[in-house]
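Reading through the structure tokens given below for one structure.
The values are calculated or read from the model by the stated rules, or taken from the named source; none is laboratory data. This structure is a prediction, so every number in the text was calculated from the model and none was measured. Virtual Cβ from ideal backbone geometry, glycine too; neighbours counted across all protein chains shown. Side chains included, ligands, DNA and RNA excluded: accessible areas come from the protein's heavy atoms. Shrake-Rupley method; radii C 1.70, N 1.55, O 1.52, S 1.80 Å.
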Amino acid sequence: MFPCSMDSADTFTTVTFSNVSIYTSITAVNVISKRNFKAHWVAPTLREFKRRKVIEDDLNGGPKIFHRSTFLEWNYDAEIFAFSNRLGEKFNDLSLRAALTHKSYIERETARLSDIGVESNLQFQDNEALSQKGGELLSKFNNGYLRAVFTQVPEELIRAMHDFLTSNPTLETVARHIGLGDLMLCADFPCKTETYVKSFKAIVAALAESSGEERARIFVQDLVVTQLYGQDVNELWNPVDPVGNLTAILKREGKAEPEFRLIRQAGSNSILGVYYVGLYSDKNFISEGAGESLEVAKEMAAREALKKFFRTEDSMRALPFGRQLKNIQSKIAQLENQPNIPLSEWISEKVMSAVH
């Protein structure tokens, strides 16, 4: 179809298409194509480097990381400024620097200067006092939110949720996510959990001193209380005797003792047996539970009944955050020092009167 001709040296090929000639050098094509392939020793060498790196990381407890202060472009003043703006908060500069300074850093720098014969007169303030104050504020802010939102739960469940929100793992997670690890001045790196927690509490106190408790309260709600999102609050509290607690509540409510009835069962003669138990009071159905034995099923049914009393069912409304709290901030502040009704005194009449 297309006229082609090959010269005697088989070096050039002439292709004519629409009166246009294209000259392609076979030798040149071979040279260019070789550049797209790496030498045969490259891939095995890279694999060996990776294998050795994995072994080294395993021996050292993971890949080695470096503090940002070791980078050439490190500018602490700029980092402090960026941190405040990233959070959208206004801090007093001295308070913020003190909140990020651990006492171990001051001790290390003092010892280092003494070793080289320099008089150590460091003008640093550590975050011990701020951390203690921040811990008190953090506890108060969390209690206020929980009591304002979970109005019908006993104080024991409030305390369980409070302990979860103020626990070291929760506060460390929050501190890491806002970038405290790159700003804290401490002797240990990577920083310990206690150092993260102490610095975050100090940040809360520094914000309260700089912008007031209202801003600090909203800060805690946005960063700490939101850790409840996706959590089953009922799993945070494990009542010792669900059946006994339910019986006491029904008695105070003027209702009959709970009656358990076997609804259905499957695989009772196998290790995979399951029993479904219904819970009734005054012939009225309250809840049901399932378990691998009748005792477990009874306990699960009692737990489900307590959820209904406390309004913490799986279908409960989503927790309010952010702008949804604007209209109840005054209520939150009011309930910070006003505990809910304890489980031993819980009765729906008292709960409703306390809410209204």
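Some notes on this structure:
- Among the candidates Ser315, Ser281, Ser348, residue that is among the polar types (S, T, N, Q) and in contact (Cβ under 8 Å) with a residue 60 or more places away in the chain: Ser348
- Flag: Lys64 does not match the condition of being modelled with pLDDT of 75 or more and open to solvent by 60 Å² or more (accessible area, probe 1.4 Å).
- Ala248 open to solvent by less than 50 Å² (accessible area, probe 1.4 Å), modelled with pLDDT of 90 or more, over 17 Å from Gly291 (Cβ atoms) and assigned to a loop (DSSP other than H, G, I, E, B): no
- Some residue of the range 225-237 being more than 30 Å from Gly322 (Cβ to Cβ) and exposed (fewer than 12 other Cβ atoms within 10 Å of the Cβ): no
- Ser69 vs. criteria in the same structural domain as Leu180 (by the TED database), under 28 Å from Leu207 (Cβ atoms) and not β-branched (Val, Ile, Thr): no
- Residues that are polar (S, T, N, Q) and within 31 Å of the chain's Cα centre (by Cα) were ranked within the range 105-128; the one that is least open to solvent (accessible area, probe 1.4 Å) is Asn127.
- Condition met for Gly289 (in a strand (DSSP E or B) and under 33 Å from the mean Cα position of the chain (by Cα)): yes
- In the set (1) over 29 Å from Asn340 (Cα atoms); (2) in contact (Cβ under 8 Å) with a residue 24 or more places away in the chain; (3) more than 18 Å from the chain's Cα centre (by Cα), Ser199 fails one condition alone, (3).
- Here Met300 meets each of (1) more than 19 Å from Ser348 (Cβ to Cβ); (2) part of a loop (DSSP other than H, G, I, E, B) with one exception, condition (2).
- Note on the range 308-329: among residues that are open to solvent by less than 90 Å² (accessible area, probe 1.4 Å), in a helix (DSSP H, G or I) and out of contact with any Pro (no Cβ under 9 Å at 6 or more places or on another chain), the one that is farthest from Ile218 (Cα to Cα) is Phe309.
- Test: residue in the range 202-212 that is touching a residue at least 12 places away in the same chain (Cβ under 8 Å), over 24 Å from Arg86 (Cα atoms) and among the acidic types (Asp, Glu): no
- Restricting the search to helices (runs of 4 or more DSSP H) fully inside the range 31-148 and requiring at least 2 residues that are under 30 Å from Glu214 (Cβ atoms), free of Cβ contacts under 8 Å to residues at least 40 places away in the same chain and of a type outside the set (A, V, I, L, M, F, W, C) gives 76-87, 93-99.
- The combined condition, being more than 31 Å from the chain's Cα centre (by Cα) and of a type in the set (D, E, K, R), is not fulfilled by Arg317.
- Asn85 being within 16 Å of Ala216 (Cα to Cα), open to solvent by 40 Å² or more (accessible area, probe 1.4 Å), out of contact with any helix residue (DSSP H, G or I) (no Cβ under 8 Å at 6 or more places or on another chain) and polar (S, T, N, Q): yes
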